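The block underneath contains the structure these notes are about, expressed in structure tokens.
The values are calculated or read from the model by the stated rules, or taken from the named source; none is laboratory data. Please read all numbers here as calculations on a predicted model, not as lab measurements. In this analysis, Cβ positions are derived from the backbone assuming ideal geometry, glycine residues included, and neighbour counts consider all displayed protein chains. These area figures cover heavy atoms from the full protein model, side chains too; ligands, DNA and RNA do not enter into them. Shrake-Rupley method; radii C 1.70, N 1.55, O 1.52, S 1.80 Å.
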Amino acid sequence: MTTKTTAPDFCRGDDPTPRILGFDNRDAGWGGKLHLRLTLGGMRIRYAYIRKNGCSSFKTALGYSSTARVSDLARSSRAPLFRRYDATIFVWRDPVARLVSLYRNKILDRRGAEDILRRYRARMNEEPSSFERFVEFAGLQADPHCLPQAKHLYPIRYTHAIPLERLHETMSGLVGKDAARPFARRVNASDAQPVTVSLRARQMIRSIYAADYQLIDQLA
């Protein structure tokens, strides 16, 4: 079982920043997904790339457009596992809020949605309709946007587990205000269209993303 651990205090900004917990994931039973390396404010950072968790801001920090393909980032900035970094970080958010944001962005707004729409049609044999049906699709994990956040993490110790709503604050403390400018505003934010989240949808999300809820419980 993973255990919670306190992160070293890397905060160097002008303003005092509350300590952000780290997370010891060394006992995890999976291998993780893409991690990227970047240097900001003189800090060498390894970052777990998790879609819909502020990833567009990290693309900007790496000098890419928010619409850049993940494969391009992986070719130029993949973080080797066995290398020393000043900080190893990931960003997390509530699973319901994350899936609602994905639904707004890809299904309602249709921003960069070609791949996920193709996978939806292939697996569901229909056009996207309600959020509840989208949750059913998410449960198939046929698209990388729908994977649980916990499944992205390497079995390593993270110095900072950052809640999305504190991303700019935390990065300012970590790398300084100037270097943290890419995180000052939301990039590729979805329009705030109303989305009905039924009780059944919440129950399905609780089941599909059980690993995420366990992770969040440990960080709370």
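Here are the numbers for this structure:
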quantity	calculated
Tabulated pairs, region 125-143, first at pLDDT 95 or above, second open to solvent by 20 Å² or more (accessible area, probe 1.4 Å) and polar (S, T, N, Q), C-beta under 7 angstrom, 6+ apart or interchain	Phe131/Thr196; Glu132/Ser198
Options Ser129, Ser71; residue that is part of a loop (DSSP other than H, G, I, E, B), open to solvent by 40 Å² or more (accessible area, probe 1.4 Å) and among the polar types (S, T, N, Q)	Ser129
Failed condition for Arg121, given (1) surrounded by fewer than 16 Cβ atoms within 10 Å (Cβ to Cβ); (2) within 23 Å of Phe58 (Cβ to Cβ)	(2)
Residue count, region 158-187 (criterion: basic (Lys, Arg) and under 17 Å from the mean Cα position of the chain (by Cα))	3
Qualifying residue in region 153-176 (condition: assigned to a helix (DSSP H, G or I), without any contact (Cβ under 8 Å) to a residue 12 or more places away in the chain and under 25 Å from Arg69 (Cβ atoms))	no
